[in-house]
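Let me begin by presenting the structure, written as structure tokens, before commenting on it.
The values are calculated or read from the model by the stated rules, or taken from the named source; none is laboratory data. The shown structure was predicted, so the numbers you read here are calculated from the model rather than taken from an experiment. Virtual Cβ from ideal backbone geometry, glycine too; neighbours counted across all protein chains shown. SASA here: full protein model, heavy atoms, side chains in, ligands and nucleic acids out. Shrake-Rupley method; radii C 1.70, N 1.55, O 1.52, S 1.80 Å.
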Amino acid sequence: MTNRTLRGKTAVVGVGETTYYKRSGSPDSEFVLAVKAILAACQDAGIDARDVDGFASYSNDRNDPSRIAAALGIRELKFSNMQWGGGGGHGSGAVASAAAAVATGVADCVVVFRALAQGQFGRFGQGPKMAAISGDAAYSLPYGVLSAAQMFAMRCTRHLHETGVSRDTYKAVSLAAYHHAQNNPRAVMYGRPLTSEAYDDARWIVEPYQLYDCCMENDGAAALIIVSAERAKDMKNKPAYVLGAVAGSEYRNGAPCHNAPLYATSSFTGIAPRLYEMAGVKPKDVDALQSYENFTGGVVMSIIEHGFCSHEEANSFLTYDNLIAQGGKLPLNTSGGNLAECYMHGLELITEAVRQIRGDSSNQVKNAKVSMITSGPMVTPASSAIFGSLETL
Amino acid sequence: MSASQFYLPEGLPAPAPAPDGLDKPYWEGVQGNKLIVQRCKACKTFQWGPEWLCHKCHSFDIGWEEVAPNGVIYSWERAWHPVHPALKEHGPYIVVLVELPHAGNIRMIGNLLGDPRQEIKIGSKLDAVFEHHAGSKMPYTLVHWRVSK
Ligand SMILES: [Zn+2]
């Protein structure tokens, strides 16, 4: 059963996105954003959108593939896939699903997409407003644990306590993202640099997160296209081959009321070894890393759990100089990511990982051959993926 | 407690027992100042939050047991930015994740009473404080915590 792997069987051949807006800034509805991003990815790939035959998304994306297929006149829909749970943690998992469908002949040309209009449908950063609540939420909402930041802060506090990792690492993650966004005209924070002083002076959202530790709230959509490796060879863009893509969560990560046994983790302790085994690479082979930032603390945990440094090394390794594309040892979130490009629920991190392989990132890492994404720290399930250039196959 | 003595302003979502009856013993217990959690009758494993079966042995004969209302701080957060209309102008508040070492190290969330700007130490011993919302349309009780004297 040695061929039970995704390695090298499929590739991303097109990426696309809409204009990225501040929340409520989109003149288009969420559905229109979704379709525009899909059409942009098809155009980038040189594919007729009518030839797309599958869709994969996550986090209960509201844009039903059957409606999209009807709107685009898709000839035959063969794959319509939604992942349960995990919020933005399933971006790489959607890549895994799409790649698996293509690798096994279930479909031939699958779009992975995510569309979010927080202006149209409500802000992620605000708490729910119902009068009464039952189930798991009854044990947290009445105590003022209402937003994502408030749900995840205690995991980070515990992590800092157990490991001795410093909050300076959070700052490095944030400053690197804003730095990269200054070279990326797509980024919402393009032209709005963040200084070290402004980071320090920002108000607390919920300790241990200050304002610039938190992702933005945006409107937009992004998409990418996966076809077989064979077909990718003849297409117009340099293919980003899927070397590995895995999803999941640790033992009882979803235990209610914050009872996950491995509480001080970002949910990747099981995923990381499976990912590297499938991809056949090691952390030192990774040229650029896009790591989902709901909050900077989750990025720090993700980097450590994926083996780029130990807890003991984190304070000296996770510095601004090491995290920028211009000479850093681990170029991180080279588009600006959820913090400074656009909170496209992490799909913009995946399109950026593809761009690093293609060589057309706005913060290009020289000769990038192995490009990695981690999706959704501290959630369940989470997921990660690795793309490689032709030389890595 | 009168309304003004509640730790957080009124208007946040109020807890209600699950419609399927899963956690009724807990919500009834706290109204009587008792902390009642799940403990498997077959294998004695403590379990929290509530579920219909024991995660250890899969027995559906999951019982409920009163435990001493104290614990230690496992983690904490101090929320500053209001994300609900009821919290506007309220100022910071503290949430603690409390571990119950005498009940299989299960954890529960509550607020830490006292100065919202107090220094907080992981590992501090806590006692539960039952906050009764008897005047609510559907009366309920929250379980808060105070650093042990
Ligand atoms: Zn049992």
Plugging the Kirkwood radius over Cα pairs into Stokes-Einstein for segment A:174-230, at a temperature of 20 °C and a viscosity of 1.002 mPa s, what D comes out in µm²/s?
157 µm²/s
A convex hull over the alpha carbons of segment A:89-171 yields, per residue, a volume in Å³ of 208 Å³
With springs only between Cα atoms under 10 Å, which of B:Val98, B:Val129, B:Val83 fluctuates most in a Gaussian network model of chain B?
B:Val83
Within segment B:16-147, what whole-number % of the accessible surface is contributed by carbon and sulfur, with the 1.4 Å probe and all protein chains included in the calculation?
53 percent
Amide H proximity to B:Tyr93 below 5 Å, modelled H, separation 5+ or other chain, gives B:Ala79
Longest segment of chain B with no chymotrypsin sites (Phe, Trp or Tyr not before Pro) in a DSSP loop having at most 13 other Cβ atoms within 10 Å?
B:61-149
Phi angles of segment A:227-244, converted by Karplus (6.51 cos²θ - 1.76 cosθ + 1.60, θ = phi - 60°) into ³J(HN,Hα) in whole Hz with x for Gly and Pro, give 10, 5, 4, 4, 5, 4, 4, 9, 9, 6, 8, 5, x, 9, 6, 7, 8, x
Could you check the simple spin-label distance between B:Ala18 and B:Asn33, using points 7 Å along Cα→Cβ, in nm with one decimal?
2.9 nm
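Could you calculate, for the protein assembly as shown, the ratio of the Cα radius of gyration to the Kirkwood radius, expressed as Rg to Rh? Could you put the intermediate results ahead of the total?
Details: Rg = 23.8 Å, Rh = 24.1 Å.
Using Cα coordinates only, the ratio equals 0.99.
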Using helices alone, what [θ] at 222 nm do you get for the protein assembly as shown, with -39,500 (n - 2.57) per DSSP H run of 4 or more residues, divided over all residues and rounded to the nearest 500?
-7000 deg cm²/dmol
What lysines does B:Lys44 reach when the alpha-carbon gap must be under 18 Å and sequence neighbours fewer than 8 apart in one chain are set aside?
B:Lys56
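Which FRET efficiency value, to the nearest 0.05, is calculated for A:Val106 and A:Glu391 with the Förster distance at 35 angstrom and r the Cβ-Cβ distance?
According to the calculation, E is roughly 0.75.
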Per-pair calculated FRET efficiency, R0 = 35 Å: A:Arg192 and A:Ala70 via Cβ, rounded to 0.05:
0.30
Computed over chain A, the relative contact order (Cα-Cα under 8 Å, seq sep at least six) in percent reads 26 percent
Size of electric dipole in the protein assembly as shown: Cβ of Lys, Arg +1 and of Asp, Glu -1, about Cα centre, debye, nearest 20
400 debye
Using a Gaussian network for chain A with springs between C-alpha atoms less than 10 Å apart, which of these wobbles most: A:Tyr343, A:Tyr199, A:Tyr20?
A:Tyr199
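Could you work out, residue by residue across B:83-91, how many beta carbons of other chains sit within 10 Å of that residue's beta carbon, and then give the average as an integer? Write out the running numbers ahead of the final one.
Details: counts 14, 8, 3, 4, 3, 0, 0, 1, 0.
Partner-chain Cβ atoms within 10 Å, mean over residues of B:83-91: 4.
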Debye intensity ratio I(q)/I(0), log10, segment A:214-311, q values 0.22, 0.24 Å⁻¹ (C-alpha model):
-1.25, -1.31
Under 29 Å Cα-Cα from A:Lys36, which lysines qualify once same-chain neighbours fewer than 8 residues away are excluded?
A:Lys9, A:Lys22, A:Lys78, A:Lys233, A:Lys236, A:Lys238
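Roughly how large is the B-A contact in terms of buried accessible area, totalled over both chains, probe 1.4 Å, nearest 100 Å²?
3600 Å²
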Normalised contact order of segment A:237-384, rounded percent, pairs of Cα under 8 Å and 6 or more residues apart:
33 percent
Name the lysines eligible as straight-distance cross-link partners of B:Lys137: C-alpha to C-alpha under 30 Å, and not fewer than 8 places from it in the same chain.
A:Lys129, B:Lys24, B:Lys34, B:Lys88
Pairwise label distance in nanometres, A:Ser310 with B:His58, each label 7 Å out on the Cα-Cβ vector:
4.0 nm
According to a simple spin-label model (label point 7 Å from Cα along Cα-to-Cβ), what is the distance in nm between A:Lys282 and B:Ser136?
5.5 nm
Could you give each residue of segment A:120-128 its phi-based ³J(HN,Hα) in whole Hz, using Karplus coefficients 6.51, -1.76, 1.60 with θ = phi - 60°, and x for Gly or Pro?
6, 10, x, 7, 5, x, 9, x, x
Among B:Ala18, B:Ala103, B:Ala134, which one shows the highest mean-square fluctuation when chain B is modelled as a Gaussian network with alpha-carbon springs under 10 Å?
B:Ala18
Placing +1 on the Cβ of each Lys and Arg and -1 on the Cβ of each Asp and Glu in the protein assembly as shown, which of B:Leu126, A:Val299, A:Tyr263 has its Cα farthest towards the positive end of the resulting dipole?
A:Tyr263
Please report, in cubic angstrom per residue, the volume enclosed by the convex hull of the alpha-carbon atoms of segment B:1-107.
132 Å³
Mean accessible area per residue over segment B:16-147 (1.4 angstrom probe, all protein chains present, square angstrom) is 45 Å²
Please list 3J(HN,Hα) in residue order for segment A:96-108, calculated via the Karplus relation 6.51 cos²θ - 1.76 cosθ + 1.60 where θ = phi - 60°; whole Hz, with x for glycine and proline.
4, 5, 4, 5, 5, 5, 6, 5, 9, x, 5, 8, 10
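Within a 10 angstrom radius of each residue's Cβ in A:248-261, how many Cβ atoms of other chains show up on average? Whole number is fine.
Per-residue shielding by partner chains comes out at 3.
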Dipole magnitude (debye, nearest 20) for segment B:16-147, charges at Cβ of Lys, Arg, Asp, Glu:
160 debye
Between A:Ser166 and A:Asp234, the FRET efficiency computed from the C-beta separation at R0 = 51 Å comes out, to the nearest 0.05, as 0.55
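Determine the shielding of peptide A:144-157 by partner chains: average, over its residues, the number of Cβ atoms on other chains within 10 angstrom of each Cβ.
What the average comes to for A:144-157 is 6.
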Over chain A, with every protein chain in place, what whole percent of the accessible area is carbon and sulfur at 1.4 Å, could you tell me?
51 percent
